[in-house]
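Here's the structure, in structure tokens; my notes come after.
Nothing in this text is a laboratory measurement; each read-out follows from the coordinates by a stated rule. Note that the structure is a prediction, hence the values are computed from the model and not measured. Please note: Cβ atoms are built from the backbone with ideal geometry, for glycine as well, and neighbour counts cover all protein chains shown.
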Amino acid sequence: MHSPIATRCTDLTKIYGAGDGRVTALAGVTAAFAAGAFTAIMGPSGSGKSTLMHCLAGLDAATSGQVFLGETELGTLADAPLSRLRRDRLGFVFQSFNLIPTLTAEQNITLPARLGGRRIDRPWLMEIARTLGIEDRLGHRPSELSGGQQQRVAVARALIGRPEVIFADEPTGALDRASSTQLLGYLGECVRGLDQTVVMVTHDPNVAAYADRVLMLADGLVVDDLLAPTDDAILHALSGIGA
Ligand code: ADP
């Protein structure tokens, strides 16, 4: 049985600048991301990873092509509905944790939902906290948490609104190896245990190996698509594109 598609794009192009300064960041990308899967987008520096993620997440408009979240085509939305779609239907985890230092972990997790006027589903909050191993850290402020714990609070904040997709941009970039390994294990648990869809950008083969699938970009195009990737398979694919 095929999983439903959470998000997809067709023939996506993104061109920056004009004339001599013209850069083709995406040269026609068609890709679909299954619901409940953990996908890593990889490729050499400058291959278009961040641009693709930003277009899929409605943070940047493509030059041509289409992006769908479920049945909604992002290109048809004006700024205000697009912002609402990002707030209500997507979650984000960035390299920097972006936690508010004066708020506790729990207050940080629930802040976006409270600002959006939504009720906090406490059993869901506790399930997320348990899955991420931070249930005994909810009353602490960010300065009282390790980097890895702070990033898990940021993941909980992304999960609490039950987003259709979480976009993660180098989520382990600011973490040491042990914290990275732990976070990736927890992210995988969110996908398998909580049925969350995650699309993660990374340049690190060890990080990508935690995903169910690796979409490999080079020069703004998809050049490989690996299922259940091992470190070796990823390294082999990377060496094939001269990375
Ligand atoms: P990656 O994330 O794989 O490193 P990016 O998506 O950041 O790649 O960039 C793809 C290409 O687009 C690169 O050549 C980069 O220099 C260019 N690029 C990205 N953002 C901009 C921008 N705002 N203005 C001009 N060129 C850009």
| field | Gain on full stretching of the segment that runs from residue 235 to residue 16 - 0.36 nm per residue minus C-alpha separation | value | 75.9 nm
| Residue by residue through the stretch 56-63, which ³J(HN,Hα) values in whole Hz follow from phi under the Karplus form 6.51 cos²θ - 1.76 cosθ + 1.60 (θ = phi - 60°), with glycine and proline marked x? | 4, 8, x, 8, 8, 8, 6, 6
| request: With unit charges on the beta carbon (Lys/Arg positive, Asp/Glu negative), name the residue among 111, 82, 134 whose Cα is farthest towards the positive pole of the charge dipole of the stretch 5-240. | output: 111
| remark: Listing 20, 225 by rising number of other beta-carbon atoms within 10 angstrom, fewest first, gives 20, 225
| message | Could you derive backbone 3J(HN,Hα) for the stretch 190-196 from the dihedral phi with the Karplus parameters 6.51, -1.76 and 1.60 (θ = phi - 60°), listing whole Hz in sequence and x where the residue is Gly or Pro? | response | 4, 5, 7, x, 10, 6, 7
| field | Coarse-grained scattering of the chain at q = 0.09 Å⁻¹, given as base-10 log I(q)/I(0) from a Debye sum over alpha-carbon atoms | value | -0.38
| Could you give the dipole magnitude of the stretch 1-135 about its Cα centre, charging the beta-carbon of Lys and Arg +1 and that of Asp and Glu -1, in debye to the nearest 20? | 200
| remark: Taking alpha-carbon centroids only, the stretch 65-144 lies from the stretch 214-243 a number of Å equal to 30
